[in-house]
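Laboratory data are not the source of any read-out in this text; all were calculated from the coordinates shown. Everything quoted here is computed from the prediction, not taken from an experiment. Cβ sites come from the backbone with ideal geometry, for glycine too, and all protein chains shown count toward neighbours.
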Amino acid sequence: MYKKLLYLILILPLFAGTTGKIKGRVIDSKTNEPLIGCNIYLSSTNLGSSADIDGTYIILNIPAGLYELHASMIGYDEYIIKNVEVNIDLT
């Protein structure tokens, strides 16, 4: 029994998360309407997403660190948020 318990204690930390995620909503600043299909991406990575029918998006499996978040859509200026911090196992 002790061998199984020791095995669990040693193996469990290997399954701990090593990435985080970014979740948000994109809306028009004047009308508060969701921007369906708006492209959201992190510069200097190949990670990104598109906004759904409610304007929400989720970018998963992001290594911890600081990033620039870009939002772009035809008919709108590109919007950039600098120093977005991603932490392990957090949204």
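What to note about this one:
- The range 23-91: GluC sites (Glu not before Pro) falling in loop per DSSP and having at most 10 other Cβ within 10 Å: Glu78
- Among the trypsin sites (Lys or Arg not before Pro) in the range 21-91, those located in a DSSP loop and surrounded by at most 15 other Cβ atoms within 10 Å of their own Cβ are Lys30.
- The simple spin-label model puts a point 7 Å past each Cα toward its Cβ; for Lys21 and Asn87 those points are separated by 1.7 nm.
- In units of the rule-of-thumb radius 2.2 N^0.38 Å, the range 13-61 shows an alpha carbon radius of gyration of 1.40.
- Local electrostatic count, Asn39, Cβ distance below 13 Å [Lys/Arg +1, Asp/Glu -1]: -2
- With a cut-off of 14 Å between beta carbons, the residues surrounding Thr91 carry a summed charge of +1, where Lys and Arg count +1 and Asp and Glu -1.
- In nm, spacing of pseudo-spin labels at Asn46 and Glu68 (7 Å Cα→C-beta vector): 2.0 nm
- For the range 23-78, the list of chymotrypsin sites (Phe, Trp or Tyr not before Pro) that fall in a loop by DSSP and count at most 11 other C-beta atoms within 10 angstrom is empty.
- Net +/- balance of residues flanking Ser49 in space, Cβ distance below 11 Å, scoring K and R +1, D and E -1: +1
- Modelled label positions at Ile58 and Tyr79, each set 7 Å beyond Cα in the direction of Cβ, lie 2.1 nm from each other.
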